[in-house]
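What follows is a set of notes on a single structure, which appears directly below.
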Amino acid sequence: MANLDDYGYVVRTRFPFPVAYRWRVVEAQKSAGVSRDAYESVLQAAEVLLCYAAYLALILAKGAGTELGYSRSIRTSFGRGKGLGFADWVAILEEVRDSRAFRTLLDGHPLRDLQLLLESQAACDARRRLNSRRNDESHLRNVDPIDLPAAFESALSDLLALLRAADVLSDLTLT
C-alpha cells in the first residue's frame with residue numbers, strides 16, 4: 001500500500017506503457033546522478049506523454065464520428081514528408097480542450113477526460129516551460145553544466161505537474 005504514496009510507482013504501473021517506460025528511464029537516469037542524459041530523458045518523457053495523449057485524442061475523435069480540424073494539417077505535413085512534433089501534439093490537445101464539438105459528448109467519454117489534460121493553468125505553464133527547454137536543446141542552446149542540476153529539478157517538477165494533469169490516462173479504459 002505504501003507504493004501508492006509514491007507517485008513514480010503509480011506512473012510506472014498504471015500509465016500506458018509508452019509513458020510508463022519513459023518515466024522509468026527518467027528514474028533510472030536520475031538514480032545515476034543528474035546529467036545531460038537525465039535532463040534530456042525528462043524532456044523526452046514530456047514529449048512522449050503529449051504524443052500519446054494526442055494520438056489517443058485523434059483516434060477517439062474518429063471513433064466519436066468527429067474529425068479534429070488539425071487532422072488536415074497532419075495530412076499536409078505527411079504529404080510534404082514532414083513529421084509531427086511537440087507543437088503538433090499540443091495543438092491537437094488544445095483543440096480537444098477548446099472544441100465545442102466535444103463539449104456535447106457525455107460525461108465519462110474518454111475525450112471529455114482528455115480535455116482535462118491541458119485545462120489547468122499549472123499544466124499549461126509546465127507544458128510551455130518543457131516545450132521551451134526542449135526547443136532550446138534542439139537548437140543547441142543547451143543548459144550550461146553548472147546550471148544543469150537546477151534545470152533538471154525544474155524540468156522534473158514540470159513533468160510531474162504534467163503527469164498529474166494526465167492522471168486520466170492511468171484509468172482510461174479503451175474498449
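Bear in mind that the values in this text are calculations on the coordinates, not laboratory data. Keep in mind that this is a model prediction, so the values were computed, not measured. Quick reminder, even Gly has a Cβ in these numbers, built from the backbone with ideal geometry, and neighbours come from all protein chains shown.
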Which of the peptides 113-122, 150-159 is most tightly packed, and how do the rest follow, judged by the mean count of other Cβ atoms within 10 Å per residue? 150-159, 113-122
Extreme residue, positive dipole direction of the chain, given options F78, I92, A61 (C-beta unit charges): F78
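What is region 46-149 by shape, rounded, prolate or oblate, if you read a ≥ b ≥ c off the alpha carbon gyration tensor as root eigenvalues and call it rounded for a/c under 1.5, prolate for a/b larger than b/c, and oblate otherwise? Before the final figure, lay out each step's value.
Numbers: a/c = 3.13, a/b = 1.57, b/c = 1.99.
It is oblate, given that a/c is not under 1.5 and a/b is not larger than b/c.
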Just how large is the dipole of the chain about the Cα centre, in debye to the nearest 20, putting +1 at every Lys and Arg Cβ and -1 at every Asp and Glu Cβ? 620
Options (i) 127; (ii) 141; (iii) 111 for volume of the Cα convex hull per residue in Å³; the value derived from the coordinates is listed as (i)
Counting helices only, and only those DSSP H runs with n ≥ 4, report the 222 nm mean residue ellipticity of the chain as the sum of -39,500 (n - 2.57) divided by its residues, in deg cm²/dmol to the nearest 500. -21500 deg cm²/dmol
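Run the numbers for R97 and F78: contour at 0.36 nm per residue of separation, minus the present Cα-Cα distance, in nm.
Using 0.36 nm per residue and subtracting the Cα-Cα distance, I get 4.4 nm.
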